[in-house]
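A.B. asks: Below: one structure in structure tokens.
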Amino acid sequence: MSAKSRLALGIETSCDETAAAVVLDGKQILSNVIASQIDLHQIFGGVVPEIAARKHIETIFPVIDQALSKAKVTLDEIEIIAVTYGPGLIGGLLVGLQAAKSIAFALNKPVVGVNHIEGHIYANVLAHADLKPPLICLTVSGGHTDLLYIPEFGDYEILGRTRDDAAGEAFDKIARVLGLPYPGGPEIDRLAKDGNRSAIEFPRGLASEDTFDFSFSGLKTAALNYINHHKQLGDKIDIPDFAASFQWAIVDVLLLKTIRAAELKGVKQIILSGGVAANSELRHQMKDAAEPLGIEVFFPPPILCTDNAAMIASAGYFRYTAGKIDDWDLEALPNLQLTGSRK
């Protein structure tokens, strides 16, 4: 490491992943440890907040120790403690935030609070070190569907966001009704590969309206009605066809609005972030739609699409180098929104 290099420790506990990572200069991952709780929550078909919080308490410090060990560094060498403070489940956020504050206070290190959604954006910086704004960013996860214009990192113009359900929530809800294992989004993606996306005509919320906002509640209702109707008739549902059609109804709208936003802003780069950015159909179709327009599409590897601490460490590094350090009264904010510039 050079004399000016900085190490950031990232901590992420916003949902059901206990994660810690060490990142050098905001772009080089030295370690990225993720303790998943999927097995604990699968029997419930989704995350149980109380169970998630208790598991975070058990695993947070062992995960941090493992991240430091894998990176071959000590806490004394860490300059920045970056931690997710929202949005997310309040119990999990509190565990990560208090762990970060404890370490920072004991070692007289700065604490940098990171918006979880902003963290997802920086997963692309880790995957594509030379990436530079201006960019259009589509952030799609279980709780968020946001379309952003990024003239420079740290400065965000909110073009649109979901008015009701997020795309990832729609995936998981319908997967659960179909009896697919949790998490449901990847299962629908897998099944859709063998299906016909034109087999069932599902609605596309707000697709024809002059807005960059999204709406997936109507699609979710239509899918539930389709399932219930066929169950009442005793008809067998072709699951691959259903999965492909449902997935395409979501991807189609995401494509339409993202490409339209890039053309409006005159941007030649699109980045995808969040858990749904791992969806193979979204990645493939976005590239196919953008390429003829001379627009490049970037997305992180799947491990950086889902919740992880490397993206939090990266975002925290860039906030710190911009002079942003939080006070000890930094609070966990479960409903935190990404609201434009954080300068």
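A.B. asks: About the Cα centre of region 90-214, what is the dipole size in debye to 20, counting +1 per Lys and Arg Cβ and -1 per Asp and Glu Cβ, all else neutral?
C.D. replies: Details: 11 positive and 17 negative charges, 107 e Å.
Value, rounded to 20: 520 debye.
A.B. asks: Using the Karplus equation 6.51 cos²θ - 1.76 cosθ + 1.60 (θ = phi - 60°), what ³J(HN,Hα) coupling, rounded to whole Hz, does each residue of region 303-313 give in order, writing x for Gly and Pro?
C.D. replies: Along region 303-313, the couplings run 4, 9, 7, 7, 4, 8, 8, 4, 5, 5, 5 Hz.
A.B. asks: Then there is this: So which lysines can Lys4 reach, going by Cα to Cα under 25 Å and dropping same-chain residues fewer than 8 places off?
C.D. replies: Lys27, Lys70, Lys72, Lys101, Lys109, Lys132, Lys324, Lys343
A.B. asks: Hey, another quick one. Mind jotting down the distance between the C-alpha centroids of region 285-301 and region 116-189, whole Å?
C.D. replies: A separation of 16 Å, based on Cα centres.
A.B. asks: Give, rounded to the nearest 20 debye, the magnitude of the charge dipole that region 133-300 has about its Cα centre when Lys and Arg contribute +1 at Cβ and Asp and Glu contribute -1 at Cβ.
C.D. replies: Details: 17 positive and 24 negative charges, 59 e Å.
Around 280 debye, computed over region 133-300.
A.B. asks: By a straight-distance test (C-alpha under 12 Å), which aspartates and glutamates pair with Lys257 as possible cross-link partners, with residues fewer than eight away in the same chain excluded?
C.D. replies: Straight-line reach from Lys257, under 12 Å: Asp146, Glu209, Asp210, Asp213.
A.B. asks: Over region 133-300, what is the relative contact order in percent, taking alpha-carbon pairs closer than 8 angstrom and at least six residues apart?
C.D. replies: Values: 321 pairs, mean separation 45.6, N = 168.
Relative contact order here is 27 percent.
A.B. asks: Toward the positive end of the charge dipole of the chain, about the Cα centre and with charges on Cβ (Lys, Arg +1; Asp, Glu -1), which of Gly274, Ile158, Leu24 goes farthest?
C.D. replies: The listed residue farthest towards the positive side: Leu24.
A.B. asks: Now for a different question. Using DSSP, restrict attention to beta bridges with both residues in region 133-300 and report what percent are antiparallel, rounded to the nearest 5. Write down the numbers at each step before the final one.
C.D. replies: Values: 11 of 19 bridges.
Percentage antiparallel, nearest 5: 60.
A.B. asks: Between Leu256 and Lys70, what is the FRET efficiency for a Förster distance of 25 Å, r being their Cβ-Cβ separation, to the nearest 0.05? List each step's numbers first, then the result.
C.D. replies: On the way: r = 42 Å, r/R0 = 1.67.
Between Leu256 and Lys70 the formula returns 0.05.
A.B. asks: If you don't mind, there's one more thing I want to ask. Compute the relative contact order of region 72-194 as a whole-number percentage, counting only Cα pairs closer than 8 Å that sit 6 or more residues apart in sequence.
C.D. replies: Computed over region 72-194, the figure is 15 percent.
A.B. asks: Return the loop-located trypsin sites (Lys or Arg not before Pro) in region 58-124 (DSSP other than H, G, I, E, B) with at most 14 other Cβ atoms within 10 Å of their own Cβ; answer none if there are none.
C.D. replies: Numbers: sites: Lys70, Lys72, Lys101; in loops: Lys72.
Filter output for region 58-124: Lys72.
A.B. asks: Quick one: angle between helix 49-71 and the longest Cα principal axis of the chain, in degrees between 0 and 90, rounded to 10, please.
C.D. replies: Between helix and principal axis, roughly 50 degrees.
A.B. asks: Over all pairs of distinct alpha carbons, what does the Kirkwood formula give as the hydrodynamic radius of region 133-300, in Å?
C.D. replies: 16.1 Å is the Kirkwood radius here.
A.B. asks: Nearest 10 degrees is fine. How inclined is helix 90-107 to the longest principal axis of the chain, computing both from alpha carbons?
C.D. replies: 20
A.B. asks: Sticking with this one: By how many degrees, 0 to 90 and rounded to 10, does the Cα axis of helix 239-265 deviate from the longest principal axis of the chain?
C.D. replies: Taking Cα atoms only, the helix is inclined about 60 degrees.
A.B. asks: Also: If I take every Cα pair under 8 Å that is 6 or more residues apart in the chain, average their sequence separation and divide by the length, what percent do I get for the relative contact order? Walk me through the numbers before you get to the answer.
C.D. replies: Values: 773 pairs, mean separation 87.6, N = 343.
Taking the mean separation of contacting Cα pairs over the length of the chain, I get 26 percent.
A.B. asks: Which value, in debye to the nearest 20, describes the size of the charge dipole of the chain about its Cα centre when Lys and Arg Cβ atoms bear +1, Asp and Glu Cβ atoms bear -1, and nothing else is charged? If you can, show how the numbers build up before the last one.
C.D. replies: On the way: 31 positive and 42 negative charges, 75 e Å.
With Lys and Arg at +1 and Asp and Glu at -1, about 360 debye.
A.B. asks: Let me ask something additional. Among Tyr182, Thr211, Ala170, pick out the residue whose Cα is farthest towards the positive end of the charge dipole of region 169-217, where Lys and Arg carry +1 and Asp and Glu carry -1 on C-beta, about the Cα centre.
C.D. replies: Result: Tyr182.
A.B. asks: Between Arg54 and Gln98, what is 0.36 nm times their sequence separation minus the Cα-Cα distance? Round to one decimal in nm.
C.D. replies: Values: separation 44, 0.36 × 44 = 15.84 nm, distance 1.39 nm.
Working it through step by step, the gained length comes to 14.4 nm.
A.B. asks: Need the list of aspartates and glutamates near Lys231 for cross-linking: C-alpha distance under 17 angstrom, and skip anything on the same chain fewer than eight residues off.
C.D. replies: Straight-line reach from Lys231, under 17 Å: Asp241.
A.B. asks: Moving to a separate point now. With both bridge residues required to lie in the chain, what share of the DSSP beta bridges run antiparallel, to the nearest 5%? Display every interim value, and only then the final one.
C.D. replies: On the way: 26 of 43 bridges.
Once the DSSP bridges in the chain are tallied, antiparallel ones form about 60 percent.
Here, each number is a calculation from the coordinates, and none is a lab measurement. Note that the structure is a prediction, hence the values are computed from the model and not measured. Don't worry about glycine lacking a Cβ; one is built from the backbone with ideal geometry, like all the others, and counts go over all protein chains shown.
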